Structures are given as structure tokens and as C-alpha cells.
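Down below is the structure, laid out as C-alpha cells.
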Amino acid sequence: MSDHDITLSVNGTTIARRVPARRTLLDFLRSDLGLTGTHAGCEHGVCGACTVLVDGLAVRSCLMFAVQADAAKVSTIEGVANEDGTLHPVQQAMHDNHGLQCGFCTPGIVMTLKSMTEAGKSASRDEMAAALSGHICRCTGYQGILKAVDLLSGRGE
Ligand code: FES
Ligand code: FES
């Protein structure tokens, strides 16, 4: 199996590494960089736990090879909070509305909602709710998460 040199930005830091051709972005983030906030669930594109942003788009890192992220800007849950330690609005909305229990699904959901609510984007409540269909949560019954979505789309109390 061949190795490849890649250089990418991860949460604003430039990273250069040599990786096997078939190493997934998920394994690269978790095992090579120690960014274990990106969770490994199904590892075949179903559960959404591994979702990160690549050049601003939400992607399943279990379905992408690290070499495909060469020259890209990758954002993970570790880079979401503000520099002063306060929570990102998506994190705050999930917190305030009890949108998590065990938290296994939470990083992926936060990354998806973040991608839809960044400056210049105005996803509707229904669009965000539909995006949740790509995230399996075994704990919450989704009601708290949907309340967070209501808040993020301007319909919360
Ligand atoms: S671990 Fe990637 S979608 Fe489930
Ligand atoms: S909070 Fe446990 S899987 Fe979603």
C-alpha cells in the first residue's frame, strides 16, 4: 500500500503528515492527530457521528480518505467553541434545550448544524430538521435537538 504526503488545515493549524492511501479521514483525525471528539460509530456512512467540515461542507469522515483532504480546510468539534472558551451558538442551543444525553452523536450533529448556520447561510427550520435524518441518536428522541433547531432558526423562545 502506498503512502502519500498531505498538507491540510485542521481547526486553523497547518498539518503535514505522510499517510497510507487507504487511511480514512476519520482514522487520521482520531488516531494520527488525537482529535477523538470526532466519533467512530457505524464507519459506513449511516450514523453521522463522524461528521466534520471540509471546506465548510459537512462530510462523513469515515467515507473520505485522508489523502482526499490534502490542501483542504478541515474543522472538527475541537475547534468549534470560541477562543475564550464560551460555546458556539449551536453548542449553546443544544445545551440550553437538553439536546444531548450520552453525547455520542452530538459532535456530528453540531458540525452539521454549524455548517447550515454559518455567516451568510440561512437554513430554515425544516432544512435543519431534515438534515438531522442523517444523524442517529439513540438517547434523546430528538425533541431537545429539534428545540435547539427551533432556536437556531429564530423560532425558539
Ligand atoms: S461513523 Fe461515519 S457515518 Fe457512522
Ligand atoms: S445523545 Fe446519546 S446517541 Fe445522541
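What follows draws every value from the coordinates through simple rules; no lab data is involved. Bear in mind the structure is a predicted one, so any value in this text is a computation, not a measurement. Cβ atoms come from the backbone with ideal geometry, glycine included; neighbour counts cover every protein chain shown.
Here each label is just a point 7 Å from Cα along the line to Cβ, and for D70 and A21 those points are 1.2 nm apart. Here the stretch 3-79 was treated as a single set of alpha-carbon atoms; its pair distances binned every 10 Å from 0 give 22, 61, 17 percent.
Taking neighbour Cβ counts within 10 Å as the exposure measure, how do S122, S2, S61 sort from fewest upward?
Numbers: S122 11, S2 7, S61 29.
Going from least to most buried by this count: S2, S122, S61.
Across the chain, Cα pairs under 8 Å and at least six residues apart give a relative contact order of 23 percent.
Estimated purely from DSSP H runs of n ≥ 4, each contributing -39500 (n - 2.57), the mean residue ellipticity at 222 nm for the chain is -6500 deg cm²/dmol once divided by its residues. Ranking of M116, M94, M128 by neighbouring Cβ atoms within 10 Å, starting from the fewest: M116, M128, M94. Relative to its Kirkwood radius, the Cα radius of gyration of the stretch 38-153 gives an Rg/Rh of 0.94. Remark: relative contact order (the stretch 3-79) = 39 percent; criterion is Cα-Cα distance under 8 angstrom and separation of 6 or more residues. Packing, as the average of other Cβ atoms within 10 Å across residues, places the peptides 142-150, 85-93 in the order 142-150, 85-93, highest first.
Distance between the 7 Å Cα→Cβ label points at I136 and T13: 3.2 nm. With a Förster radius of 41 Å applied to the beta-carbon distance between T86 and S124, the computed FRET efficiency rounds to 0.95.
Under 1.5 on a/c is rounded, so check that first for the stretch 89-152, then, if it is not, pick prolate when a/b is larger than b/c and oblate when it is not; a ≥ b ≥ c are the square roots of the alpha carbon gyration tensor eigenvalues. Because a/c hits 1.5 or more and a/b exceeds b/c, the stretch 89-152 counts as prolate. Counting other Cβ atoms within 10 Å as a rough exposure proxy, the listed residues F28, F104 run F104, F28 from fewest neighbours to most.
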